[in-house]
1. Would you confirm, using the coordinates I've provided, whether residue 227 is at pLDDT 95 or above and either touching a strand residue (DSSP E or B) at 6+ places or on another chain (Cβ under 9 Å) or in a helix (DSSP H, G or I) (or both)?
2. Here is a list: 192, 219, 164. Which entry is assigned to a loop (DSSP other than H, G, I, E, B) and either touching a residue at least 60 places away in the same chain (Cβ under 8 Å) or surrounded by 21 or more Cβ atoms within 10 Å (Cβ to Cβ) (or both)?
3. Based on what the data block shows, is residue 122 more than 16 Å from the ligand (Cβ to nearest atom) and within 30 Å of residue 306 (Cβ to Cβ)?
4. Of the conditions (1) in contact (Cβ under 8 Å) with a residue 24 or more places away in the chain; (2) farther than 20 Å from residue 237 by Cβ; (3) within 16 Å of the ligand (Cβ to nearest atom); (4) surrounded by fewer than 20 Cβ atoms within 10 Å (Cβ to Cβ), residue 300 clears all except one; give me its number.
5. Please go through (1) outside any helix (DSSP H, G or I); (2) out of contact with any helix residue (DSSP H, G or I) (no Cβ under 7 Å at 6 or more places or on another chain); (3) in contact (Cβ under 8 Å) with a residue 60 or more places away in the chain for residue 83 and return the number of the only condition it doesn't satisfy.
6. Residues to consider are 151, 183; find the one that is surrounded by fewer than 23 Cβ atoms within 10 Å (Cβ to Cβ), modelled with pLDDT of 95 or more and in the same structural domain as residue 230 (by TED's automatic domain parsing).
7. Would you tally the residues in the stretch 279-292 being surrounded by 17 or more Cβ atoms within 10 Å (Cβ to Cβ) and either part of a strand (DSSP E or B) or more than 13 Å from the ligand (Cβ to nearest atom) (or both)?
8. Please go through the stretch 230-254 and pick out each residue that is assigned to a loop (DSSP other than H, G, I, E, B) and either at pLDDT 95 or above or within 12 Å of residue 307 (Cβ to Cβ) (or both).
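The values are calculated or read from the model by the stated rules, or taken from the named source; none is laboratory data. Source: prediction; values computed, not measured. Every residue, glycine as well, gets a Cβ built from its backbone with ideal geometry; the counts of neighbours run over all protein chains shown.
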Ligand code: DAH
């Protein structure tokens, strides 16, 4: 019986090596390892051996089986590879292989939010206007009715370039550029970068983004402003987000206001994000000051207008629950990758 087993393994080896394709391998496998195989027959015949010899021979049968299995496996891989490589062109494609994926870029969260803001205002009939980042005193301050001794003109607040120009500290500059170029009616927004000599901290960055809005026409009132603001808040943050204005002062608006929305985190009940006030500050607003119109040759007896400026970082931080503004500018890929799916 031992001899028979050895002979069986030798025969199996040569039959396996002779296999040319996966089908041959399958047949040989059935022949040597199947239910009716000689190997199984030998197991049945263990009884014929004296009891003390049975365990050793049983082991030998098992080892032979393992060896045949290993040979079959190796031959199977070999014939499959050979089949792939002999296909047309010498190099075949294995359609079951996972593809080579290339990673896809996405938009920065500030870009995603800016585009969302654009869409909200475009849907209300606004157009998008642009102005330069490098500005002059006239557009950043003078035409905006800002007195010569106003603190925001300080070197400590505004970045001046050597030639006397400056990096705009607000997108309100674009109001002036638009009113210089086009007669009313005007209905624009202007999203863009602003610069201030601020130390970076959780809510400040020397570079930040605002979106400016300006509407000038006959009969524009404060109610148009509050309505536009509440529309914006409910589209951007949800139908039940409310808004309010509080009296404030800006040189270029009269009256001036600050705009709040009800806290999007606690719904107005009071929480850490809204400092327990129930409200979140969104930016400044007001009715265009007649002095601004005068500088630009627009008759304030005929036309009125409102304007406001929103902080884009603030909106992005609220929408994405980002606790520190600096995170938006560090561009850590682990943060940016979380926004991959949101490109369009
Ligand atoms: N430019 C102001 C700022 O940076 C925000 C602002 C206030 C914009 C009132 C306006 C406005 O258009 O009417 O703080």
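1. Here the answer is yes, as residue 227 does meet what is asked.
2. Only one candidate passes the filter, namely 219.
3. It is true that residue 122 is more than 16 Å from the ligand (Cβ to nearest atom) and within 30 Å of residue 306 (Cβ to Cβ).
4. For residue 300, the exception is condition (1).
5. Result: residue 83 passes all but (1).
6. Residue meeting the stated conditions: 183.
7. Initially, the stretch 279-292 is screened for residues surrounded by 17 or more Cβ atoms within 10 Å (Cβ to Cβ), giving 279-280, 282-289, 292.
With either part of a strand (DSSP E or B) or more than 13 Å from the ligand (Cβ to nearest atom) (or both) added as a condition, the list becomes 279-280, 282-288.
Qualifying residue count for the region: 9.
8. 249, 250, 251, 252
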